[in-house]
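**Q** Structure below; questions to follow.
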Amino acid sequence: MIWLRVAQGVLCAVEICGLYYLLQVFFDKRSNKAWSNILWFLSGVLLWGITVIQREGTSMYSRYYMILCIIISLWGTKIFFRLFFFRALLVIVLYYETIYFIDILFGYIGQSLFSGNNFIDRVQFSISVERIMVMLISRLLVVSIVIYTIKRKHLISTIFPKYQLTFTGFVIIEYLGLFYCEKVFYPRFRDDVKTDMYFVLFPMLIVLILIIIVIFIMYTEKMNELKLINNQNTMIEKNYQDMCLLYQKRDRIYHDMKNHLSVLSLLLADRDLVRAEEYISKITEPIKDLEHKKFTNNHIVDIILNDKIEKAHNHNIEIDIHTDKLEVNCIQDIDWCSILANLLDNAIEACSKVTEGKSWIKVSISQNDCAIFIKVSNTYNGVLDLSEGKLRSSKNETGLHGLGLESIRYAVDKYNGVLEYECVKDIFIVNISLFI
């Protein structure tokens with residue numbers, strides 16, 4: 001029937017489009033030029049055509065054809081997208097395995113309900129209403145998963161790279177399920193009721209493992225969140241203590257001011273102008289040190305910048321700051337502490353380990369109608385390596401261990417922001433965009 005072929009073609013297109021749409025959502029394209037988009041579209045059409053021909057000419061399900069689709073999809077993704085190979089492989093394999101496993105599962109359910117109708121054979125070997133029903137149910141489920149994934153894009157794109165090994169274990173279990181459950185297509189196993197055990201074991205095992213993975217991720221993320229909050233509170237307390245020391249220093253100077261004025265009065269009364277000028281020069285030095293420059297008109301940002309300027313100077317580090325005027329309430333004070341104070345503390349610590357040449361930090365903060373942009377660049381000593389989300393030095397004595405960006409990333413994520421960092425020769429650069 002023509003309508004069955006059309007329905008199968010549409011469902012095959014849904015299958016390919018689901019994967020292609022996921023890849024475009026979670027990976028950045030190498031080029032957005034028209035020719036690149038056209039080639040990407042044509043690759044999808046080609047894969048769809050091969051899939052339709054395979055299902056019309058041989059069978060609906062073939063584990064070897066699934067592996068071929070994975071290879072073709074991975075090859076196309078590698079050409080058109082910037083990505084980590086293993087992560088792309090994991091996404092593609094997980095996608096295809098899930099579709100094919102659901103196909104087999106509902107084929108088995110149909111066979112159990114309509115055993116006298118050779119339901120599973122009609123699904124596997126002919127373009128039939130039974131095949132279209134199974135494909136429709138499985139594609140609807142997969143489309144629902146894709147839509148949910150897209151809606152939770154930010155959360156999933158953050159979690160997925162951190163738990164790649166966990167998902168790899170799930171992929172292996174799912175593949176074993178496919179390997180054993182596909183025997184339902186062979187009458188010898190089906191008639192001996194050997195496949196019933198597999199369809200009891202593997203679906204339950206996969207669901208159980210999926211639940212365990214979800215609970216494990218939720219627990220780990222909650223513990224990480226609590227750890228980050230504790231780190232934030234510790235950092236805020238530290239900055240608060242620094243501010244208290246600063247105000248105590250100011251109080252001492254203001255308290256001593258009346259004594260200074262008395263001395264100046266005596267010197268002026270004796271017309272000892274030279275000593276009076278020298279005395280004035282001495283008492284103004286600590287006052288100049290306490291003078292806070294207004295960089296942004298945002299009180300907390302200006303406090304952080306002035307505090308870090310003083311710390312940088314204490315370590316003989318040159319610091320250059322360029323800022324725009326910022327809106328006061330667009331970013332919460334606690335998040336400014338998590339982002340800016342943490343960035344500058346890391347930069348100061350890195351610069352303090354530089355033994356050759358000048359140590360310097362450059363800070364740029366700008367704002368437009370929809371975002372705030374922060375750029376911090378600094379010198380550092382050694383080659384940095386990214387391990388488990390933390391920046392670590394390849395040298396034992398650099399002192400750069402533990403420069404984790406988790407606290408910064410957590411605050412950036414609150415504003416759907418972007419955090420990027422790179423190393424250029426002996427310069428470490430961090431770029432942050434916060435959407436307001």
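The values are calculated or read from the model by the stated rules, or taken from the named source; none is laboratory data. Remember, predicted model here, so these are calculated numbers, not experimental data. Glycine gets a Cβ as well: all are built from the backbone with ideal geometry, and neighbour counts include every protein chain shown. For accessibility, only protein heavy atoms count, side chains too; no ligands or nucleic acids. Shrake-Rupley method; radii C 1.70, N 1.55, O 1.52, S 1.80 Å.
**Q** Could you grab the pairs with beta carbons closer than 9 Å, sequence gap of 6+ or different chains, first residue in the stretch 38-57 and free of Cβ contacts under 8 Å to residues at least 60 places away in the same chain and more than 16 Å from Tyr21 (Cβ to Cβ), second one polar (S, T, N, Q) and outside any helix (DSSP H, G or I)?
**A** Gln54/Ser62
**Q** Kindly indicate whether any position in the stretch 174-183 is modelled with pLDDT of 85 or more and within 28 Å of the chain's Cα centre (by Cα).
**A** yes
**Q** Let me ask something else about it. Could you check how many residues of the stretch 324-350 are among the β-branched types (Val, Ile, Thr) and open to solvent by less than 40 Å² (accessible area, probe 1.4 Å)?
**A** Total satisfying the criteria: 3.
**Q** Another question, then. Of the residues Phe106, Phe101, which single one is free of Cβ contacts under 8 Å to residues at least 60 places away in the same chain and either touching a Cys at 6+ places or on another chain (Cβ under 9 Å) or not basic (Lys, Arg) (or both)? So that I can check it myself, show each step before the final result.
**A** On the way: Phe101 fails: free of Cβ contacts under 8 Å to residues at least 60 places away in the same chain.
Within the list Phe106, Phe101, the selection yields Phe106.
**Q** Scan the stretch 304-323 residue by residue and report those that are assigned to a helix (DSSP H, G or I), in contact with a helix residue (DSSP H, G or I) (Cβ under 7 Å, 6 or more places away or on another chain) and surrounded by 19 or more Cβ atoms within 10 Å (Cβ to Cβ).
**A** Listed by number, the residues that qualify are Ile304, Lys308, Ala312.
**Q** Something else now. Report those strands (runs of 3 or more DSSP E) wholly inside the stretch 357-436 carrying at least 2 residues which are out of contact with any Asp or Glu (no Cβ under 9 Å at 6 or more places or on another chain), at pLDDT 85 or above and over 19 Å from Ile334 (Cα atoms).
**A** 371-379
Conditions tested, residue by residue: (1) in contact with a helix residue (DSSP H, G or I) (Cβ under 7 Å, 6 or more places away or on another chain); (2) touching a residue at least 60 places away in the same chain (Cβ under 8 Å).
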{"residue": "Phe119", "(1), (2)": "yes, no"}
{"residue": "Phe125", "(1), (2)": "no, yes"}
{"residue": "Leu141", "(1), (2)": "yes, no"}
{"residue": "Thr149", "(1), (2)": "yes, yes"}
{"residue": "Lys153", "(1), (2)": "yes, yes"}
{"residue": "Tyr163", "(1), (2)": "yes, no"}
{"residue": "Glu174", "(1), (2)": "yes, yes"}
{"residue": "Tyr186", "(1), (2)": "no, no"}
{"residue": "Asp192", "(1), (2)": "no, no"}
